[in-house]
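All of the numbers you see were taken from the coordinates with simple rules; none came from a lab. No experiment lies behind these values; they were computed from the predicted model shown. Neighbour counts run over all protein chains shown; Cβ positions are idealised from the backbone, glycine included.
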Amino acid sequence: MTRARKPQQPLEWYRDPDGRGVDARLHVLDRQMIDTDGVPVSTVDDLELDGVEIGESIDHSRPPQVSEILVGAAILPRIFGGHVPRSRWDRIPWEDVTRLATVVELRVHADDLDATWVERWFRDRVIARIPGGRHAPE
Amino acid sequence: MKKIFAVALGILTAIGGFVDIGDLVTNAVVGSKFGLGLAWVVVIGVAGICLYADMAGRVAAVSGRATFEIIRERLGPRTGLANLAASFLINLLTLTAEIGGVALALQLAAGVGPGMWIPVALFAVWVVIWRTKFSIMENVAGLLGLTLLVFVVALFLLKPDWGHLITPAVQPWLPASESPVSYWYFAVALFGAAMTPYEVFFFSSGAVEEKWTKSDLATERANVFIGFPLGGILSLAIAACAALVLLPKGIEVSTLSEVVLPVAQAGGQLALAFAIVGILAATFGAALETTLSSGYTLAQFFGWSWGKFRRPAQAARFHISMIICLVIGGGILATGVDPIQVTELSVVFSAVALPLTYFPILVVANDPEYMGDEVNGRIRNGFGMVFLLIIVIAAVAAIPLLLASGMGSA
């Protein structure tokens, strides 16, 4: 745990032009994501940063960027520590994000995302096979 | 006119849906032991659930976010998961108790059981969740639950000496025959029964299910601030009936037959039939609500698609988790545990979990990003803090009191 330091710049410097700063932990992580139809996709479980590697020297001409939103097993290290192999990461590209509000809005359909395979697996293998599973409740 | 009808329907279902197996059993037990000596707890508990259900409903109506999405977002994944585990397990315990209550009510009606009724109850709950629209489910269970008003009727038919009945309610400090440890144990249990966390999960998720917006806030307030207190009067009537019939004879409440005994004595078979229908509707309605709540909490924590307004195939993991919860609840009952004891445990552990549910709601109800200009005012926050304090005290005291009083038998 490092001690909080005083900000190096005036507070306004950290904010976007609307005067509202974006805090990754407060405004992005653990927020609900919804697709273009308003269907819940997942919670933002973690973020992947591009352009910075542990132990490598920093290239200041290319600052790190948020490249992907991680979902699924990516939540485990945040709860229990340790790490999950990269092959197990379910990613949603940051390019698909259209708006940050009280939910994170995506421009795609939930069903078109690779990251939502678990939902599709349970739907196709179990729920859709039970009579009435594909019908709206009456 | 349509609006008035909707509001009236909402209030009626809120009354009928307020009482569940926890309220039925705990109020009858308390009435048979202390008379109305713990009526003040019901009053505080109802005030608390009104305050926080209104907050959760307002957050859901204004921001469209249900309670557990907020809990995860505000507490982070680690504390959020601990909270989920506690809330989910207690909800599962309550679900088990409600299914047991349905089986016991069917046993009262049919004279056989309750073991054979458990699979029937489980299947019925699942079919309703699988195929019935949210509003129909809510209204039918709530309106049939109104037959519990027979407890109020029975109270008048018993022609009590009102002064004698009310005295312990207005002077609760007068020594009761039971030990003080047991008195405070039942105070916490009654508080847990009135403020059960699933009611908040269900109320806020229900607001999302019914697509409430800011314009529905008047309906929401009417449901909460008129419906819930009237439901609380039902709770008090159950306790008062037990105080009149069971307390003088020293009858202990160990099954549902003792709960309905005063009604049968006051109004005969017809009144008994009403009471059984009421208990069946109340426990069945609460079984639906707790089952849905288990799905809601999991789906909202992990961000799955959820809701009865979707086809089951469009909320696959939500429906799978509810089916699994029903199977687990049935499995617990199949071991032959007494549903009444499960109920008594569930209300005490509900009291333990209360702060986990209510604290994040208070925080978000103050967040302008979610609430816009509908944030809590000073009065709401003042009451919110006072009740949070009471909730924390009850939660901390619950387990020591449970052990010290030997589940109230000491």
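Numbers below:
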read-out	value
Relative contact order, percent, chain B [alpha-carbon distance under 8 Å, six or more residues apart]	37 percent
Between segment B:331-410 and segment B:210-284, the Cα center-to-center distance that results, in Å	21 Å
Charge dipole (debye, nearest 20) of chain B; +1 at Cβ of Lys and Arg, -1 at Cβ of Asp and Glu	700 debye
By average C-beta atoms within 10 angstrom, highest first, the peptides A:85-94, A:31-40	A:31-40, A:85-94
Expected 222 nm ellipticity per residue - DSSP helices of 4 or more, -39500 (n - 2.57), all of the protein assembly as shown, to 500	-21000 deg cm²/dmol
Estimated translational D of the protein assembly as shown in µm²/s (Stokes, Kirkwood radius over Cα pairs; 4 °C; 1.567 mPa s)	52 µm²/s
Unit charges on C-beta of K, R, D, E only; dipole of the protein assembly as shown, Debye	520 debye
Average beta carbon contacts from partner chains per residue of B:71-81, 10 Å cutoff	4
Interchain or long-range residues, amide H under 5 Å from A:Leu47's placed H	A:Leu70
Packing-based order for B:351-364, A:96-109, using average beta carbon neighbours within 10 Å, highest first	B:351-364, A:96-109
Links that overshoot a 31 Å alpha carbon limit, given the list B:Lys133/B:Lys214; B:Lys133/B:Lys159; B:Lys33/B:Lys308; B:Lys3/B:Lys159; B:Lys3/B:Lys133	B:Lys133/B:Lys159; B:Lys33/B:Lys308; B:Lys3/B:Lys159
Nearest-20 debye value, chain A charge dipole, Cβ charges on Lys, Arg, Asp, Glu	520 debye
Other protein chain Cβ atoms within 10 Å, averaged over every residue that makes up B:314-322	6
Coordinate range along principal axes, alpha carbons of segment B:200-303, Å, largest first	52, 30, 23
Of all DSSP beta bridges in the protein assembly as shown, antiparallel share, percent nearest 5	90 percent
For A:Val41, residues with placed amide H under 5 Å, excluding near neighbours	A:Met33, A:Ile34, A:Asp35
Sites A:Asp111 and B:Leu165, calculated FRET efficiency, Cβ-Cβ separation with R0 51 Å, nearest 0.05	0.25
Partner chain coverage, peptide A:31-43 - average Cβ within 10 angstrom	4
Percent of Cα pairs exceeding the 26 Å cut-off, where the set is chain A	39 percent
Sorted peptide list for B:212-225, B:81-94, criterion being average Cβ within 10 angstrom, highest first	B:81-94, B:212-225
